[in-house]
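Novice: Starting off with a structure, shown below.
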(Lines give C-alpha, C1' and ligand atoms only; values in the text may rest on other atoms or scores of the structure.)
Protein backbone atom coordinates (compact mmCIF):
# COMPACT_ATOMS: atom_id res chain seq x y z
CA UNK A 1 0.00 0.00 0.00
CA UNK A 2 1.45 3.37 -1.02
CA UNK A 3 0.37 5.77 1.71
CA UNK A 4 1.83 8.85 0.00
CA UNK A 5 0.06 8.32 -3.32
CA UNK A 6 -2.24 10.95 -4.84
CA UNK A 7 -5.24 8.73 -4.09
CA UNK A 8 -4.80 9.33 -0.37
CA UNK A 9 -4.54 13.11 -0.77
CA UNK A 10 -7.90 13.17 -2.55
CA UNK A 11 -9.68 11.72 0.50
CA UNK A 12 -10.91 13.79 3.45
CA UNK A 13 -8.32 13.76 6.25
CA UNK A 14 -10.89 12.41 8.72
CA UNK A 15 -11.50 9.40 6.49
CA UNK A 16 -7.77 8.79 6.03
CA UNK A 17 -7.26 8.89 9.80
CA UNK A 18 -10.13 6.46 10.32
CA UNK A 19 -8.73 4.01 7.75
CA UNK A 20 -5.25 4.16 9.25
CA UNK A 21 -6.58 3.72 12.79
CA UNK A 22 -8.51 0.63 11.73
CA UNK A 23 -5.37 -0.72 10.06
CA UNK A 24 -3.35 -0.18 13.23
CA UNK A 25 -6.06 -1.77 15.38
CA UNK A 26 -6.06 -4.83 13.15
CA UNK A 27 -2.47 -5.53 14.23
CA UNK A 28 -2.91 -4.95 17.97
CA UNK A 29 -1.77 -8.52 18.59
CA UNK A 30 1.40 -8.05 16.53
CA UNK A 31 3.57 -5.39 18.20
CA UNK A 32 6.46 -6.20 15.85
CA UNK A 33 4.57 -5.14 12.73
CA UNK A 34 2.86 -2.25 14.49
CA UNK A 35 6.15 -0.76 15.65
CA UNK A 36 8.43 -1.46 12.70
CA UNK A 37 5.94 -0.73 9.90
CA UNK A 38 2.66 0.93 10.92
CA UNK A 39 4.36 3.43 13.23
CA UNK A 40 5.83 5.11 10.16
CA UNK A 41 2.68 5.67 8.10
CA UNK A 42 1.88 9.08 9.60
CA UNK A 43 2.94 11.40 12.42
CA UNK A 44 -0.44 10.97 14.10
CA UNK A 45 -0.25 7.18 14.05
CA UNK A 46 3.33 7.30 15.31
CA UNK A 47 2.23 9.29 18.37
CA UNK A 48 -0.73 7.00 18.91
CA UNK A 49 1.29 3.77 18.64
CA UNK A 50 4.08 5.05 20.87
CA UNK A 51 1.52 6.05 23.51
CA UNK A 52 -0.09 2.62 23.26
CA UNK A 53 3.28 0.89 23.63
CA UNK A 54 4.20 2.95 26.67
CA UNK A 55 0.88 2.23 28.37
CA UNK A 56 0.32 -1.38 27.28
CA UNK A 57 3.52 -3.08 26.11
CA UNK A 58 6.15 -1.54 28.39
CA UNK A 59 4.35 -2.98 31.47
CA UNK A 60 4.48 -6.34 29.68
CA UNK A 61 8.24 -6.12 29.17
CA UNK A 62 10.46 -8.07 31.57
CA UNK A 63 14.20 -7.65 31.97
CA UNK A 64 15.73 -10.83 33.41
CA UNK A 65 19.16 -10.77 35.03
CA UNK A 66 20.96 -14.12 35.38
CA UNK A 67 23.26 -15.24 38.15
CA UNK A 68 24.85 -18.49 37.06
CA UNK A 69 22.65 -21.20 35.63
CA UNK A 70 19.94 -21.29 38.28
CA UNK A 71 19.00 -17.80 39.42
CA UNK A 72 16.80 -15.42 37.40
CA UNK A 73 15.87 -11.98 38.72
CA UNK A 74 13.01 -10.23 36.93
CA UNK A 75 12.82 -6.46 36.65
CA UNK A 76 9.42 -4.99 35.79
CA UNK A 77 8.09 -1.53 35.05
CA UNK A 78 7.84 0.73 38.09
CA UNK A 79 4.20 1.75 38.35
CA UNK A 80 5.26 4.84 40.30
CA UNK A 81 7.32 6.26 37.44
CA UNK A 82 6.55 9.94 36.91
CA UNK A 83 5.06 11.38 33.74
CA UNK A 84 8.20 13.43 33.13
CA UNK A 85 10.26 10.22 33.11
CA UNK A 86 8.07 8.78 30.38
CA UNK A 87 8.10 11.98 28.36
CA UNK A 88 11.88 11.97 28.00
CA UNK A 89 11.84 8.30 27.00
CA UNK A 90 13.24 6.93 30.25
CA UNK A 91 11.48 4.16 32.18
CA UNK A 92 12.37 2.69 35.54
CA UNK A 93 12.23 -1.03 36.24
CA UNK A 94 12.78 -2.69 39.58
CA UNK A 95 13.16 -6.16 41.05
CA UNK A 96 10.84 -6.90 43.97
CA UNK A 97 12.54 -7.90 47.20
CA UNK A 98 10.66 -11.21 47.29
CA UNK A 99 12.04 -12.01 43.82
CA UNK A 100 15.58 -12.32 45.17
CA UNK A 101 17.12 -15.72 45.71
CA UNK A 102 18.76 -16.64 49.00
CA UNK A 103 22.00 -16.83 47.00
CA UNK A 104 21.80 -13.29 45.56
CA UNK A 105 21.98 -10.09 47.58
CA UNK A 106 21.91 -6.48 46.44
CA UNK A 107 25.69 -6.28 46.29
CA UNK A 108 25.72 -9.29 43.97
CA UNK A 109 23.07 -7.68 41.75
CA UNK A 110 25.14 -4.53 41.33
CA UNK A 111 28.21 -6.64 40.51
CA UNK A 112 26.29 -8.60 37.86
CA UNK A 113 25.04 -5.43 36.19
CA UNK A 114 28.60 -4.10 36.17
CA UNK A 115 29.47 -7.00 33.83
CA UNK A 116 26.72 -6.09 31.35
CA UNK A 117 27.94 -5.08 27.89
CA UNK A 118 27.94 -5.95 24.20
CA UNK A 119 30.12 -9.02 24.73
CA UNK A 120 28.41 -10.11 27.92
CA UNK A 121 24.63 -9.83 27.89
CA UNK A 122 23.91 -11.03 31.41
CA UNK A 123 20.30 -9.89 30.98
CA UNK A 124 17.61 -10.79 28.46
CA UNK A 125 14.35 -9.11 27.45
CA UNK A 126 10.98 -10.83 27.31
CA UNK A 127 7.93 -9.17 25.81
CA UNK A 128 4.36 -10.38 26.20
CA UNK A 129 4.71 -13.49 28.36
CA UNK A 130 1.26 -15.07 28.57
CA UNK A 131 -0.20 -12.42 26.22
CA UNK A 132 1.32 -12.64 22.73
CA UNK A 133 -0.09 -15.12 20.21
CA UNK A 134 -3.32 -15.37 22.13
CA UNK A 135 -1.60 -16.58 25.28
CA UNK A 136 -0.45 -19.87 23.78
CA UNK A 137 2.60 -21.40 25.45
CA UNK A 138 6.01 -20.13 24.32
CA UNK A 139 4.38 -17.33 22.36
CA UNK A 140 6.36 -14.39 23.74
CA UNK A 141 9.38 -12.59 22.30
CA UNK A 142 12.76 -13.19 23.94
CA UNK A 143 16.14 -11.74 22.95
CA UNK A 144 19.37 -10.33 24.35
CA UNK A 145 18.84 -6.96 22.69
CA UNK A 146 20.71 -4.00 24.19
CA UNK A 147 19.18 -1.99 27.02
CA UNK A 148 19.91 1.43 25.53
CA UNK A 149 21.03 4.08 28.01
CA UNK A 150 21.09 1.58 30.87
CA UNK A 151 21.67 3.00 34.34
CA UNK A 152 21.72 0.83 37.45
CA UNK A 153 20.85 1.95 40.97
CA UNK A 154 23.50 1.61 43.65
CA UNK A 155 21.65 -1.29 45.26
CA UNK A 156 21.20 -3.10 41.94
CA UNK A 157 17.46 -3.32 42.57
CA UNK A 158 16.46 -0.60 40.10
CA UNK A 159 17.43 0.08 36.51
CA UNK A 160 16.46 2.74 34.00
CA UNK A 161 16.80 2.84 30.22
CA UNK A 162 15.48 4.47 27.06
CA UNK A 163 12.35 2.47 26.34
CA UNK A 164 11.83 3.69 22.76
CA UNK A 165 15.33 2.83 21.57
CA UNK A 166 15.31 -0.45 23.46
CA UNK A 167 11.90 -1.46 22.12
CA UNK A 168 12.99 -0.39 18.63
CA UNK A 169 16.04 -2.65 18.81
CA UNK A 170 14.06 -5.58 20.19
CA UNK A 171 11.29 -5.41 17.58
CA UNK A 172 13.53 -4.59 14.62
CA UNK A 173 15.66 -7.64 15.37
CA UNK A 174 12.50 -9.72 15.72
CA UNK A 175 11.32 -8.50 12.31
CA UNK A 176 14.75 -9.27 10.86
CA UNK A 177 14.54 -12.79 12.27
CA UNK A 178 11.16 -13.21 10.58
CA UNK A 179 12.72 -12.15 7.29
CA UNK A 180 15.67 -14.55 7.62
CA UNK A 181 13.36 -17.34 8.74
CA UNK A 182 10.98 -16.94 5.80
CA UNK A 183 13.90 -16.95 3.35
CA UNK A 184 15.42 -20.05 4.95
CA UNK A 185 12.09 -21.89 4.95
CA UNK A 186 11.54 -21.10 1.28
CA UNK A 187 15.04 -22.30 0.38
CA UNK A 188 14.63 -25.49 2.39
CA UNK A 189 11.28 -26.32 0.78
CA UNK A 190 12.81 -25.87 -2.68
CA UNK A 191 15.72 -28.12 -1.75
CA UNK A 192 13.45 -30.85 -0.38
CA UNK A 193 11.11 -30.63 -3.36
CA UNK A 194 14.02 -30.93 -5.78
CA UNK A 195 15.10 -34.11 -3.97
CA UNK A 196 11.50 -35.44 -3.99
CA UNK A 197 11.47 -35.31 -0.18
CA UNK A 198 8.75 -32.68 0.28
CA UNK A 199 5.51 -34.36 1.52
CA UNK A 200 2.34 -33.96 -0.57
CA UNK A 201 -0.13 -33.36 2.29
CA UNK A 202 -0.30 -30.09 4.22
CA UNK A 203 -0.31 -31.88 7.57
CA UNK A 204 2.88 -33.79 6.72
CA UNK A 205 4.46 -30.60 5.38
CA UNK A 206 3.90 -28.94 8.75
CA UNK A 207 5.53 -31.89 10.52
CA UNK A 208 8.53 -31.68 8.19
CA UNK A 209 8.85 -27.92 8.69
CA UNK A 210 8.87 -28.35 12.47
CA UNK A 211 11.82 -30.71 12.08
CA UNK A 212 13.70 -28.32 9.80
CA UNK A 213 13.03 -25.37 12.09
CA UNK A 214 14.22 -27.13 15.24
CA UNK A 215 17.31 -28.76 13.76
CA UNK A 216 18.52 -25.78 11.75
CA UNK A 217 16.49 -22.68 10.95
CA UNK A 218 15.47 -21.61 14.47
CA UNK A 219 19.07 -21.09 15.54
CA UNK A 220 20.54 -20.10 12.18
CA UNK A 221 18.22 -17.10 11.93
CA UNK A 222 19.49 -15.94 15.36
CA UNK A 223 23.09 -16.40 14.27
CA UNK A 224 22.44 -14.15 11.26
CA UNK A 225 20.83 -11.48 13.44
CA UNK A 226 23.72 -11.64 15.90
CA UNK A 227 26.21 -11.20 13.03
CA UNK A 228 24.17 -8.28 11.71
CA UNK A 229 24.28 -6.75 15.19
CA UNK A 230 28.05 -7.22 15.36
CA UNK A 231 28.58 -5.59 11.96
CA UNK A 232 26.65 -2.52 13.11
CA UNK A 233 28.40 -2.36 16.47
CA UNK A 234 31.95 -2.98 15.27
CA UNK A 235 32.57 -3.09 11.49
CA UNK A 236 36.27 -3.75 12.15
CA UNK A 237 35.51 -7.05 13.86
CA UNK A 238 37.45 -6.41 17.07
CA UNK A 239 34.46 -7.19 19.29
CA UNK A 240 33.09 -10.69 19.72
CA UNK A 241 29.64 -12.15 20.21
CA UNK A 242 29.42 -13.33 23.80
CA UNK A 243 26.21 -15.20 22.97
CA UNK A 244 28.23 -17.73 20.94
CA UNK A 245 29.28 -19.54 24.09
CA UNK A 246 30.79 -23.01 24.40
CA UNK A 247 27.75 -24.16 26.36
CA UNK A 248 25.43 -23.24 23.48
CA UNK A 249 27.70 -24.43 20.64
CA UNK A 250 25.50 -27.47 19.96
CA UNK A 251 22.74 -25.00 19.08
CA UNK A 252 24.43 -22.21 17.11
CA UNK A 253 27.18 -24.45 15.59
CA UNK A 254 29.61 -21.54 15.32
CA UNK A 255 33.29 -21.26 16.32
CA UNK A 256 33.59 -20.51 20.03
CA UNK A 257 36.22 -18.79 22.18
CA UNK A 258 39.08 -20.97 23.46
CA UNK A 259 38.31 -22.84 26.65
CA UNK A 260 39.48 -21.12 29.80
CA UNK A 261 40.84 -23.02 32.80
CA UNK A 262 37.94 -23.77 35.10
CA UNK A 263 38.19 -23.04 38.78
CA UNK A 264 37.59 -25.51 41.55
CA UNK A 265 34.16 -27.06 41.42
CA UNK A 266 31.98 -25.37 44.00
CA UNK A 267 28.95 -27.59 43.71
CA UNK A 268 27.83 -31.09 42.86
CA UNK A 269 28.06 -30.92 39.06
CA UNK A 270 29.06 -28.78 36.11
CA UNK A 271 25.58 -27.26 35.87
CA UNK A 272 25.52 -26.14 39.49
CA UNK A 273 29.12 -24.91 39.24
CA UNK A 274 28.49 -22.91 36.09
CA UNK A 275 29.38 -19.25 36.62
CA UNK A 276 27.76 -17.82 33.50
CA UNK A 277 24.10 -17.43 32.74
CA UNK A 278 22.49 -18.96 29.64
CA UNK A 279 23.11 -17.52 26.20
CA UNK A 280 20.13 -16.40 24.15
CA UNK A 281 20.44 -19.58 22.08
CA UNK A 282 19.91 -21.75 25.15
CA UNK A 283 16.96 -19.66 26.29
CA UNK A 284 15.31 -19.57 22.85
CA UNK A 285 15.67 -23.34 22.48
CA UNK A 286 13.24 -23.74 25.39
CA UNK A 287 11.13 -20.58 25.27
CA UNK A 288 10.51 -20.02 21.55
CA UNK A 289 8.05 -22.36 19.88
CA UNK A 290 8.83 -23.13 16.24
CA UNK A 291 5.19 -24.19 15.79
CA UNK A 292 4.21 -20.52 15.87
CA UNK A 293 6.42 -19.94 12.81
CA UNK A 294 4.09 -22.06 10.67
CA UNK A 295 1.76 -20.16 8.36
CA UNK A 296 -1.84 -20.50 9.47
CA UNK A 297 -1.14 -22.14 12.82
CA UNK A 298 -4.00 -20.10 14.31
CA UNK A 299 -6.49 -22.05 12.19
CA UNK A 300 -5.27 -25.49 13.29
CA UNK A 301 -7.27 -27.43 15.86
CA UNK A 302 -5.82 -27.91 19.33
CA UNK A 303 -5.06 -31.60 18.84
CA UNK A 304 -2.87 -30.98 15.78
CA UNK A 305 -1.20 -28.03 17.47
CA UNK A 306 -0.35 -30.11 20.52
CA UNK A 307 0.97 -32.89 18.29
CA UNK A 308 3.24 -30.38 16.53
CA UNK A 309 4.50 -29.16 19.89
CA UNK A 310 5.29 -32.78 20.67
CA UNK A 311 7.16 -33.12 17.37
CA UNK A 312 9.19 -30.03 18.23
CA UNK A 313 10.00 -31.35 21.69
CA UNK A 314 11.17 -34.67 20.26
CA UNK A 315 13.49 -33.02 17.74
CA UNK A 316 14.72 -30.66 20.44
CA UNK A 317 15.78 -33.69 22.47
CA UNK A 318 17.57 -35.10 19.42
CA UNK A 319 19.36 -31.78 18.95
CA UNK A 320 20.45 -31.75 22.59
CA UNK A 321 21.62 -35.39 22.56
CA UNK A 322 23.36 -35.24 19.19
CA UNK A 323 20.83 -37.66 17.65
CA UNK A 324 19.53 -35.40 14.89
CA UNK A 325 18.96 -38.27 12.47
CA UNK A 326 17.37 -40.67 14.96
CA UNK A 327 13.64 -40.71 14.18
CA UNK A 328 12.98 -43.56 16.61
CA UNK A 329 14.46 -41.57 19.50
CA UNK A 330 12.55 -38.47 18.43
CA UNK A 331 9.24 -40.33 18.46
CA UNK A 332 10.01 -41.90 21.82
CA UNK A 333 10.68 -38.51 23.41
CA UNK A 334 7.64 -37.01 21.70
CA UNK A 335 5.35 -39.72 23.07
CA UNK A 336 6.76 -39.24 26.57
CA UNK A 337 6.09 -35.50 26.36
CA UNK A 338 2.54 -36.04 25.08
CA UNK A 339 1.71 -38.07 28.20
CA UNK A 340 2.79 -35.35 30.62
CA UNK A 341 -0.04 -33.52 32.36
CA UNK A 342 -3.78 -33.92 32.26
CA UNK A 343 -6.64 -32.21 30.50
CA UNK A 344 -7.58 -31.54 26.91
CA UNK A 345 -5.14 -30.50 24.21
CA UNK A 346 -6.39 -26.92 24.48
CA UNK A 347 -5.84 -26.88 28.24
CA UNK A 348 -2.29 -28.16 27.83
CA UNK A 349 -1.54 -25.48 25.23
CA UNK A 350 -2.94 -22.54 27.15
CA UNK A 351 -2.55 -23.44 30.82
CA UNK A 352 1.27 -23.37 30.77
CA UNK A 353 2.05 -20.03 29.19
CA UNK A 354 5.10 -19.15 31.29
CA UNK A 355 7.74 -21.52 29.98
CA UNK A 356 11.13 -20.35 31.28
CA UNK A 357 14.65 -21.57 30.61
CA UNK A 358 15.67 -24.40 32.92
CA UNK A 359 19.30 -25.65 33.04
CA UNK A 360 17.96 -29.19 33.37
CA UNK A 361 15.86 -28.80 30.24
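Each row is one residue, and each column tells you yes or no for (1) within 30 Å of residue 109 (Cβ to Cβ); (2) in a loop (DSSP other than H, G, I, E, B); (3) touching a helix residue (DSSP H, G or I) at 6+ places or on another chain (Cβ under 6 Å); (4) modelled with pLDDT of 90 or more.
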residue: 324; (1), (2), (3), (4): no, yes, yes, yes
residue: 328; (1), (2), (3), (4): no, no, no, yes
residue: 333; (1), (2), (3), (4): no, no, yes, yes
residue: 346; (1), (2), (3), (4): no, no, yes, yes
residue: 354; (1), (2), (3), (4): yes, yes, no, no
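Novice: Further question on the same structure: Could you identify the single residue in 246, 229 that is closer than 27 Å to residue 169 by Cβ, loosely packed, with under 14 Cβ neighbours inside 10 Å, out of contact with any strand residue (DSSP E or B) (no Cβ under 8 Å at 6 or more places or on another chain) and at pLDDT 85 or above?
Specialist: 246
Novice: Select from the range 187-210 the residues that are without any contact (Cβ under 8 Å) to a residue 12 or more places away in the chain and touching a helix residue (DSSP H, G or I) at 6+ places or on another chain (Cβ under 6 Å) and write down the one among them that is nearest to residue 301 (Cα to Cα).
Specialist: Taking the candidates together, the pick is 199.
Novice: Okay, next question. Taking the range 287-312 only, how many residues are part of a helix (DSSP H, G or I), touching a helix residue (DSSP H, G or I) at 6+ places or on another chain (Cβ under 9 Å) and farther than 22 Å from residue 227 by Cα? Can you show your working first?
Specialist: Looking only at the range 287-312, we keep the residues that are part of a helix (DSSP H, G or I), and these are 287, 290-293, 297-299, 302-312.
Next, from what is left, pick out any that are touching a helix residue (DSSP H, G or I) at 6+ places or on another chain (Cβ under 9 Å): 290-293, 297-298, 302-312.
From the residues that got through so far, the ones that are farther than 22 Å from residue 227 by Cα too are 291-292, 297-298, 302-312.
Total meeting the criteria: 15.
Novice: Can you name the residue in the range 80-96 that is in contact with a helix residue (DSSP H, G or I) (Cβ under 8 Å, 6 or more places away or on another chain) and over 29 Å from residue 281 (Cα atoms) and is also modelled with the lowest pLDDT among such residues?
Specialist: The extreme case among them is 86.
Novice: Additional query: Among the residues in the range 152-163, are any modelled with pLDDT of 95 or more, surrounded by 15 or more Cβ atoms within 10 Å (Cβ to Cβ), in a helix (DSSP H, G or I) and within 18 Å of the chain's Cα centre (by Cα)?
Specialist: Within the range 152-163, one or more residues are modelled with pLDDT of 95 or more, surrounded by 15 or more Cβ atoms within 10 Å (Cβ to Cβ), in a helix (DSSP H, G or I) and within 18 Å of the chain's Cα centre (by Cα).
Novice: Of the conditions (1) modelled with pLDDT of 95 or more; (2) in contact with a strand residue (DSSP E or B) (Cβ under 8 Å, 6 or more places away or on another chain); (3) assigned to a loop (DSSP other than H, G, I, E, B), residue 129 clears all except one; give me its number.
Specialist: (1)
Novice: What's the number of the condition residue 146 fails, among (1) touching a helix residue (DSSP H, G or I) at 6+ places or on another chain (Cβ under 9 Å); (2) in contact (Cβ under 8 Å) with a residue 60 or more places away in the chain?
Specialist: Every listed condition holds for residue 146 apart from (2).
Novice: Then there is this: In the range 59-76, is there at least one residue being at pLDDT 70 or above and over 29 Å from residue 359 (Cβ atoms)? Outline the logic, then answer.
Specialist: Going residue by residue through the range 59-76, those that are at pLDDT 70 or above are 59-76.
Next, from what is left, pick out any that are over 29 Å from residue 359 (Cβ atoms): none.
Looking for residues that are at pLDDT 70 or above and over 29 Å from residue 359 (Cβ atoms), one finds none in the range 59-76, hence no.
The values are calculated or read from the model by the stated rules, or taken from the named source; none is laboratory data. Not measured: the values here are computed from a predicted model. Cβ: placed from backbone, ideal geometry, glycine included. Neighbour counts: every protein chain shown.
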